[in-house]
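Beneath this line is the structure, given in structure tokens, with notes to follow.
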Amino acid sequence: MVKQEPPVKKNQTIELTFEDITHEGDGVGKIEGYPLFVPYALPGEKAQVKVIKVKKNFAFGKLLHIDQVSEDRVEPPCDVYIQCGGCQLQHMNYGMQLEMKRNQVKNVLRKIAHIDDIPVHPTIGMDDPWRYRNKVQIPVGHRDGELITGFYRKRTHEIIEGMDTCIITSEINDRMVEAVRRIADRLGISHYDEEKHRGVLRHIMVRTGQATEETMIVLVTRTEELPYADELVKELHETYPQIKSIVQNINKQRTNVILGRKTKLLWGEEYIYDTIGDIKFAISAKSFYQVNPPQTKKLYDKALEYADLSGGETVIDAYCGIGTISLFLAQKAKKVYGVEIVPEAISDAKENAKLNNIDNTEFVVGEAEKVMPWWTAQGLRPDVIVVDPPRKGCDEALLEAMITMKPKKIVYVSCNPSTLARDLKILEDGGYETKQVQPVDMFPQTNHVECVAEVVLKLSN
Ligand code: SAH
């Protein structure tokens, strides 16, 4: 066989017309059928591109100049958009972002699961797709004798210069980070130096309940000791009455993981509260909590609509976290069983059930793929199963357990369309049918897409 050489060479400048976009948000253009991936290029654009990496079947390029500009291109409003890399889609208008996410779901369903005859609804977006994040975790560094805060420059651990705001983070949280940094700097609290593994303040984490406007500040330190803690705490809560909780988290390790094991309450309450719909949640420093509650509400309302409960059903919520979905379901079901691998999340789930006077839930710590077959052996026969797995999707044993349990309905909430499609294929082979899929935009400006699928047992089974 003749070995085909790629039609481009490294460092060559070429003119490229873009016809597509990857799920990461890179533009795709082809030369003699050979694809080039170019960040920040949009379909319909023609541009000068520098080839920067050549592989056998594809290459990466860098956008030099756009000769023909797409109507969907907008000026990214963030000053550090390119350096940061936390957002990937700020250069396209919001309508296009929503359409791109929907197409991505359609494409993977067709390619991976061979499903192309069901409705994939238009992505549910936000009216205002900015300032939505209720939590920020920002590294603390040092420049010209002053403490600085800001995200790391893409693929480095170097804090971006002059970054004083993140426009997908709520304004309150932005202001809180600034306040902590300013006061800590004045008091002379040192930043954590990653290379030397010295100094004190590693990260500032701020979380504010959107419905309640209660703020929790978490000061992540390398040391047990936080110098000037009393002064810092006093000034913070006296100046900003929405602060309800100030916590120190100690992380002594050389690690990229932000939070350490130990937390210490410095002032106020251990928890802040927030609500999604009618349900109230107590959130502690280490709890997982959705970062965009209004969109979460829309997602879970869809899940509830697909579950179609009338009050008499037994429901399983697998991968239940702190019970967010379980508590929604419990209002409409006879009994909800939740399973989750993180013990702290399960104790939060139990507390949250109590907090809301919900008494028809049962939460179990364990691997869903092991607990579900055990439930089956105990004779549990759910009418509906809801799953909300992490990005890698459901474990095969769990899919098998669901097929054995034969609920009349499965509602699949997913943060990764590719693994969703893979798992839907297995469920379809096991006697189920996918009815419809609803993408929801939980993370505007980024390339993440969340969706919920309605899956029903075929009548012939
Ligand atoms: N539905 C929840 C959380 C979904 S995130 C909410 O909205 O709050 C996925 C969850 O799956 C995480 O909480 C993670 O800890 C849990 N998880 C991961 N692997 C698991 C497994 N094998 N068994 C059970 N839970 C698991």
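The values are calculated or read from the model by the stated rules, or taken from the named source; none is laboratory data. Because the structure is a prediction, the values reported are computed rather than measured. Positions of Cβ are backbone-derived with ideal geometry, glycine not excepted, and every protein chain shown enters the neighbour counts.
Scanning the stretch 284-296 for residues being in contact with a helix residue (DSSP H, G or I) (Cβ under 9 Å, 6 or more places away or on another chain) and within 11 Å of the ligand (Cβ to nearest atom) gives a total of 5.
Whenever a residue of the stretch 315-328 is at pLDDT below 95 and of a type outside the set (A, V, I, L, M), its partners that are within 7 Å of the ligand (Cβ to nearest atom) and assigned to a strand (DSSP E or B), lying with C-beta atoms within less than 6 angstrom and at least six residues away or across chains, give the pairs Gly321/Glu340.
Collect the residues in the stretch 161-192 that are part of a strand (DSSP E or B) and more than 26 Å from the chain's Cα centre (by Cα), keeping them in residue-number order. Within the stretch 161-192, just His191 meets the criteria. In a residue-by-residue description of the stretch 355-365, the property of being within 9 Å of the ligand (Cβ to nearest atom), among the aromatic types (Phe, Trp, Tyr) and surrounded by 16 or more Cβ atoms within 10 Å (Cβ to Cβ) applies to no position.
If you check Lys297 against the conditions, is it modelled with pLDDT of 95 or more, more than 18 Å from the chain's Cα centre (by Cα) and surrounded by fewer than 21 Cβ atoms within 10 Å (Cβ to Cβ)? For Lys297, the condition - modelled with pLDDT of 95 or more, more than 18 Å from the chain's Cα centre (by Cα) and surrounded by fewer than 21 Cβ atoms within 10 Å (Cβ to Cβ) - is not met. Do we find that Gly321 is touching an Asp or Glu at 6+ places or on another chain (Cβ under 9 Å), within 8 Å of the ligand (Cβ to nearest atom) and not in a helix (DSSP H, G or I) in this structure? Judged against the criteria, Gly321 is a match.
Residues are listed down the side, and each one gets a yes or a no for (1) assigned by TED's automatic domain parsing to the domain that holds Cys415; (2) more than 30 Å from Ser190 (Cβ to Cβ); (3) surrounded by fewer than 20 Cβ atoms within 10 Å (Cβ to Cβ):
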position	(1), (2), (3)
Phe58	no, yes, yes
Cys78	no, no, yes
Tyr81	no, yes, yes
Cys166	no, no, no
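Note on the stretch 373-404: residues that are within 16 Å of the ligand (Cβ to nearest atom), farther than 18 Å from Thr361 by Cα and among the aliphatic types (A, V, I, L, M) total 5. Here Ser310 meets each of (1) within 16 Å of the ligand (Cβ to nearest atom); (2) modelled with pLDDT of 95 or more; (3) polar (S, T, N, Q) with one exception, condition (1).
Filtered by the rule that a residue be away from the ligand (no atom under 15 Å from the Cβ) and within 21 Å of Ile410 (Cβ to Cβ), the stretch 324-354 gives Gln331, Lys332, Ala333, Lys334, Lys335. Residues in the stretch 119-160 that are over 20 Å from the mean Cα position of the chain (by Cα), assigned to a loop (DSSP other than H, G, I, E, B) and under 22 Å from Ala179 (Cα atoms): Asp144, Gly145, Glu158, Ile160.
Residue-level check: of (1) in contact with a helix residue (DSSP H, G or I) (Cβ under 8 Å, 6 or more places away or on another chain); (2) buried (at least 23 other Cβ atoms within 10 Å of the Cβ); (3) over 26 Å from Ser310 (Cβ atoms), Pro382 misses just (3).
Return yes when Arg202 is closer than 20 Å to His157 by Cβ, surrounded by 15 or more Cβ atoms within 10 Å (Cβ to Cβ), under 26 Å from the mean Cα position of the chain (by Cα) and of a type outside the set (A, V, I, L, M, F, W, C) and no when it is not. So Arg202 passes the test. Only one of the numbered conditions (1) more than 16 Å from Leu42 (Cα to Cα); (2) assigned to a helix (DSSP H, G or I) is not met by Ile82, and that is (1). Against the test of being surrounded by fewer than 21 Cβ atoms within 10 Å (Cβ to Cβ), in contact (Cβ under 8 Å) with a residue 12 or more places away in the chain and within 19 Å of Cys87 (Cα to Cα), the options His157, His197 yield a single qualifying residue, His157.
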